[in-house]
1. If you count, for each residue, the other Cβ atoms within 10 Å and average over each peptide, how do 72-81, 55-64 line up from highest to lowest?
2. Sketch the reach of a paramagnetic label on A21 as a point 7 Å from Cα along Cα-to-Cβ, and name the residues of region 74-89 whose backbone nitrogen lies under 18 Å away.
3. Mind running the shape call on region 23-107? Use the C-alpha gyration tensor, a ≥ b ≥ c as the square roots of the eigenvalues: rounded below 1.5 for a/c, prolate if a/b tops b/c, oblate otherwise.
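Readers should treat all values here as calculations from the given coordinates under stated rules, not as data from a laboratory. On a predicted model such as this, the values are computed, not experimentally measured, just so you know. Here the Cβ is made from the backbone with ideal geometry for all residues, glycine too, and neighbour counts use every protein chain on show.
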Amino acid sequence: MTENTHYHDDHGHGGTEIQPANTGVIWRTFWILAAITAVEFTLAFLMHAGGFRTSLFIIMTLVKAFYIVGEFMHLRHEVKSLIWAIVVPVIFIVWLLAALLTEGGSIFELR
């Protein structure tokens, strides 16, 4: 094999360079999720137990879940129709769970 037919470059990478990881996005995501979690912990200690506090926790948990799905599962970078095809059923499932939880307690009132 002559020097002219050698397919690798001088560094032995074969012409493909691996790009460095974009750790800035990962750290930004970490700090946003850490801040939401810190707010959750603060509210857990400062607020009295009740429906309002529970509602806040559910909302913040859903915000974190959608943020995680958007960032780490790359849903944020997809076409809008795919995003809506995933988000709308989730909204109905959350509504169903809320309805079941609120109406489920009424069975004890009938007795």
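1. On the way: 72-81: 10.3, 55-64: 13.2.
In descending order of packing, they fall as 55-64, 72-81.
2. 74
3. Values: a/c = 4.60, a/b = 1.23, b/c = 3.75.
It comes out oblate by the Cα gyration axes.
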